[in-house]
Amino acid sequence: MKSQKNKESQGNKDFENLLKSYKQNKNKPLITLLYMYKGNWGKLILSIFFFILKNSPVWILPIVTANIIDIASNRSKHNINGLWINLIVAVVVILQNIPTQMLHMKFLCEPVRYVEAKLRSGLVKKLQILSISYHKELQSGKLQSKVLRDVEAIQFLSMQVYVTILPVVFNIAVALIVTVSKSRTVAIFFLMTLPVALIFITLFGKNIKITNSEFRKEIEEMSANVAEMVEMVPLTRAHGLEKVEIKKIDNQLGRVRKKGYHLDIINGLFGAYSWATFQIFQVICLGFTGYQAYMGRITVGDVVLYQSYFASILGQIANVINTYPVLVKGVESINSVGEILIVDDIEDNRDKRKVNDVNGAFSFRNVEFKYNLGDEPVLKDFTMEVKKGECIAFVGESGAGKTTILNLIIGFNKATKGKLLMDGIEMSDIDLRSYREHIAVVPQNTILFSGTIRENITYGLNSVSEERLQEIIQYANLQDVMKKLPDGVDTKIGEHGGNLSGGQKQRISIARALIRDPKIIVLDEATSALDNVAEVQVQKAMKSLIEGHTTFIVAHRLSTIKDADHIVVMKNGSCVEYGTYNELVALKGEFYKQLKS
């Protein structure tokens with residue numbers, strides 16, 4: 001238990017550090033990347049140390065080769081023992097590559113995979129605190145692209161820094177040190193190649209960055225459209241609109257293809273120009289060092305040494321240039337993930353009052369709500385008192401403000417004017433996470449996930465006895481359904497409960513609410529999509545759910561609201577009538593008109 005708490009504490013600390021790094025280093029993706037590895041730099045330093053050891057053959061073998069050529073070509077100045085010593089050195093540095101490569105990868109991959117998991121965890125945690133209004137605007141397909149594709153690109157960027165950038169730095173450093181010690185003229189020639197690499201990156205870099213950004217956005221759009229298409233398959237098939245959906249996705253795929261093709265062409269030109277240029281430089285280097293040897297300024301072995309080093313430098317620089325598009329993609333992905341992480345539209349429960357017990361009394365005092373500044377209020381000057389255990393029903397036309405009131409009660413929305421109190425405490429002062437442990441919501445569109453019926457009913461609860469589960473199944477009027485299913489309560493259901501009827505899914509949703517023994521119940525048109533038979537079954541389950549609890553119901557059907565303690569008639573965001581069923585019928589006002597229609 002203590003270990004689990006420590007893990008959660010470390011996870012929260014990592015999340016806070018991740019948000020801090022993105023906010024402090026906005027528009028500085030590479031600094032953000034470095035900050036992500038805070039706490040893991042020790043392992044990265046060890047990885048660099050073992051990288052130097054494992055990569056040493058690249059620097060030592062050209063020296064060994066040059067020495068052997070000089071020994072073989074000038075016997076009078078060298079002893080045969082020098083040949084054997086050089087060969088032994090070559091074998092040793094080659095063999096040590098095996099263990100040092102493994103240690104290099106161990107100390108590299110551990111922090112890289114840790115950061116990859118931390119990024120995905122950070123995105124998930126941020127999603128759990130983003131406001132509901134932001135979630136409504138966020139397309140799930142785009143989010144999936146960020147969590148999967150972009151985080152993978154960042155992980156690949158981290159690996160490429162080690163695989164591509166580090167070899168360049170060390171190879172150039174070692175080559176220059178050895179070359180300067182032997183010939184400053186050749187060292188100056190080597191240094192002349194570096195500006196060429198910078199020129200290539202400057203010329204192509206901006207275009208590659210822009211194209212990568214456009215391509216990434218098209219991929220996100222495609223991911224969102226595909227996710228939406230999958231959700232709409234039953235509706236599409238029912239109306240014979242398969243060709244419409246295929247055409248829409250094909251159009252999006254066409255845009256992705258064009259952007260991807262444009263990116264491929266730029267990357268191809270980038271690689272081709274750099275390869276041809278550096279090959280010419282290598283030929284020039286061979287001619288230059290060959291001329292130096294011909295003039296007696298360097299040995300034949302030195303020609304091989306310089307050629308090997310120069311080829312290594314050019315090869316590494318070419319690798320950087322060829323992988324530059326990939327590095328740009330990784331940098332763009334850091335920005336993409338940041339789009340979610342730096343969003344301030346969150347539900348902030350820090351330093352809020354936690355509620356351990358709830359009675360369920362509510363007080364609406366001149367409450368107003370609007371989604372954005374400048375918009376017309378969707379709820380106006382709403383005032384109502386609700387006692388513990390009362391059942392309040394809301395009726396009215398679509399857009400009258402009924403669901404807005406429910407969202408205020410759940411805490412999804414905050415009043416923009418006026419006050420909403422729960423048990424005498426302002427909702428804005430309450431830690432909503434602790435409050436929601438005491439409420440249950442049954443939405444119009446039942447939300448079920450892939451798994452067993454047991455898992456869907458007991459969702460989020462650690463331990464529920466079989467006796468308690470069977471009791472809830474009876475209350476929710478699900479016993480007949482369980483008998484018909486092959487594995488009863490342990491029957492697996494498909495995504496969104498696709499192999500169950502509407503009434504069955506709604507009763508499972510009611511069972512999920514019942515098993516939590518909530519103090520407050522929110523029912524948002526829980527029977528509107530059901531036929532008469534299913535409605536009767538769900539009504540029985542709802543009576544078990546409502547009894548003794550403060551309940552808020554949005555419904556159109558008379559059978560659902562007739563027994564409510566009070567009925568609130570909404571119109572254009574305002575309460576126009578309030579009373580019991582009999583009182584409102586006797587009034588023969590707005591409610592009576594709706595009954596007659």
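How many residues are in a helix (DSSP H, G or I) and more than 22 Å from Leu327 (Cβ to Cβ) if we restrict to region 267-307? Total satisfying the criteria: 24. Only a single item in (1) without any contact (Cβ under 8 Å) to a residue 40 or more places away in the chain; (2) under 30 Å from Tyr581 (Cβ atoms) is not met by Phe362, and it is number (1).
Mind checking which helices (runs of 4 or more DSSP H) fall wholly inside region 473-547 and carry at least 3 residues that are over 33 Å from the mean Cα position of the chain (by Cα) and at pLDDT below 65?
Filter on region 473-547 gives 532-546.
Residues that are small (Gly, Ala, Ser) and under 20 Å from Cys391 (Cβ atoms) within region 412-454 comprise just one, Ala440.
Taking the numbered list (1) open to solvent by less than 10 Å² (accessible area, probe 1.4 Å); (2) at positive phi; (3) not hydroxyl-bearing (Ser, Thr, Tyr) in turn, Pro518 passes all entries but (2).
Inside region 100-116, can you point out the residues that are open to solvent by 60 Å² or more (accessible area, probe 1.4 Å) and farther than 20 Å from Leu53 by Cα? The answer is Arg113, Tyr114.
In this structure, Gly411 qualifies as in contact with a Phe, Trp or Tyr (Cβ under 7 Å, 6 or more places away or on another chain), at positive phi, surrounded by 14 or more Cβ atoms within 10 Å (Cβ to Cβ) and in contact (Cβ under 8 Å) with a residue 60 or more places away in the chain. Restricting Glu332, Glu347 to those that are modelled with pLDDT under 75, surrounded by 15 or more Cβ atoms within 10 Å (Cβ to Cβ) and among the acidic types (Asp, Glu) reduces the list to Glu347. Checked against (1) β-branched (Val, Ile, Thr); (2) more than 30 Å from His549 (Cβ to Cβ); (3) open to solvent by less than 20 Å² (accessible area, probe 1.4 Å); (4) touching a Gly at 6+ places or on another chain (Cβ under 8 Å), Ile317 passes all but condition (4). Among the residues making up region 144-172, those that are modelled with pLDDT of 80 or more and small (Gly, Ala, Ser) are Ala153, Ser158.
For Asn462, state whether it is part of a loop (DSSP other than H, G, I, E, B) and more than 30 Å from Arg350 (Cα to Cα). No; evaluated as a whole, the condition is false for this residue.
Here's a check for you: in region 63-76, which residue that is of a type outside the set (Val, Ile, Thr) and within 24 Å of Ser312 (Cα to Cα) is most open to solvent (accessible area, probe 1.4 Å)? If you could, list the steps in order and put the result at the bottom.
Residues of region 63-76 that are of a type outside the set (Val, Ile, Thr), as a first pass: 66-67, 70, 72-76.
In the following step, the residues that additionally are within 24 Å of Ser312 (Cα to Cα) were identified as 66-67, 70.
Values: Ala66: 4, Asn67: 59, Asp70: 27 Å².
Within region 63-76, the match that is most open to solvent (accessible area, probe 1.4 Å) is Asn67.
Within region 471-486, the set of residues being open to solvent by 60 Å² or more (accessible area, probe 1.4 Å) and touching a residue at least 12 places away in the same chain (Cβ under 8 Å) comprises Tyr475 only.
If a residue has to be touching a residue at least 40 places away in the same chain (Cβ under 8 Å) and of a type in the set (Asp, Glu) to count, how many in region 438-470 make the cut? Residues in region 438-470 being touching a residue at least 40 places away in the same chain (Cβ under 8 Å) and of a type in the set (Asp, Glu): 0 in total.
Only one of the listed residues (Leu448, Leu469, Leu421) is touching a helix residue (DSSP H, G or I) at 6+ places or on another chain (Cβ under 9 Å) and in a strand (DSSP E or B). That residue is Leu421.
State all residues of region 77-99 that are part of a loop (DSSP other than H, G, I, E, B) and surrounded by 12 or more Cβ atoms within 10 Å (Cβ to Cβ); if no residue qualifies, say none. If you could, list the steps in order and put the result at the bottom.
Of the residues in region 77-99, the ones part of a loop (DSSP other than H, G, I, E, B) are 78-79, 96.
Hits for region 77-99 are His78, Gln96.
The values are calculated or read from the model by the stated rules, or taken from the named source; none is laboratory data. Bear in mind that the values here come from a model prediction, so they are computed numbers and not experimental data. With ideal geometry, Cβ positions are generated from the backbone for all residues, glycine too; neighbour counts draw on all protein chains shown. Just so you know, the surface numbers come from the protein's heavy atoms only, side chains and all, with ligands and any DNA or RNA stripped out. Shrake-Rupley method; radii C 1.70, N 1.55, O 1.52, S 1.80 Å.
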